[in-house]
Each structure stands twice: as structure tokens, then as C-alpha cells.
Amino acid sequence: MGSYGPDMLARAGREIAAAYARARSPLEELARLEPPPPTLHLYAQPAHPGFLRVQEEFAAAHPWFQVRRLDARSHFPTLEIPVELAAALDPFV
């Protein structure tokens, strides 16, 4: 992403905002699919416990959805903690 200029980054922001305006949340959008796909959300950021709590509540009501917060500091756990990420992903696959 660092190779793109401000115009492309602004466009990305507009597209993300438009998607949220249509769907309200990615979780709601996934739940609309028929049938909903098995989904595992592995993420590191944001670290705020409320972000995880909302997804855990969603997972409790939707057995096809799982979530796990990884202990990483960036938005790129694939690069930061690849072994831990693979270990979390392997049982799902």
C-alpha cells in the first residue's frame, strides 16, 4: 500500500465507508449469505477488548463463525508472528 499515492488511499477510504453504509458491518454481511461460509477471523488489531467481545457474542449465535485475537502489535500478524498464525489457522483448515 505504501507505493500508492494519496488519491488511491482516499479512494480506498471512500469505498470502505460506502461498504459500511450499505452493510453496517462485515459480520452482518456474512450472516446474509446463504449458506453462510465457515469463517475464522484471526486478527491482532485493534487490541481493545470490546472489539473481541462483540465478535465472540456473534460467534455464540452463529456456529459457522469463529474469532481469535492474536498477540501481535501490527495489522500484519502474517509477517509478525507467522508460526502462531499458522497454528491458529491449521485446525480451521
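Normalised by the number of residues in the chain, the mean separation of alpha-carbon contacts (under 8 Å, six or more apart) gives a relative contact order of 25 percent. Helix-only arithmetic for the chain: the sum of -39500 (n - 2.57) across DSSP H runs with n ≥ 4, divided by the residue total, places the mean residue ellipticity at 222 nm at -16000 deg cm²/dmol.
So I have [x] 36, 28, 25; [y] 39, 33, 25; [z] 34, 31, 31, and one of them is Cα extents along the principal axes in Å calculated from this model. Which one is it? Recomputing Cα extents along the principal axes in Å here gives the entry labelled [y]. Taking chymotrypsin sites (Phe, Trp or Tyr not before Pro) as exposed when DSSP calls them loop and at most 11 other C-beta atoms lie within 10 angstrom, the chain has its longest site-free stretch at 5-91.
Considering only Ser3, Val93, Ala19, and ranking their Cα positions along the charge dipole of the chain that arises from unit charges at the beta-carbon of Lys, Arg, Asp and Glu, the one farthest toward the positive end is Ala19.
The residues His75, His41, His48, when put in order of fewest to most other Cβ atoms within 10 Å, stand as His48, His75, His41.
Taken together, the values in this text are just the output of simple stated rules run on the coordinates, not laboratory data. Values in this document were obtained by computation on a predicted structure and should not be read as measured data. Neighbour counts run over all protein chains shown; Cβ positions are idealised from the backbone, glycine included.
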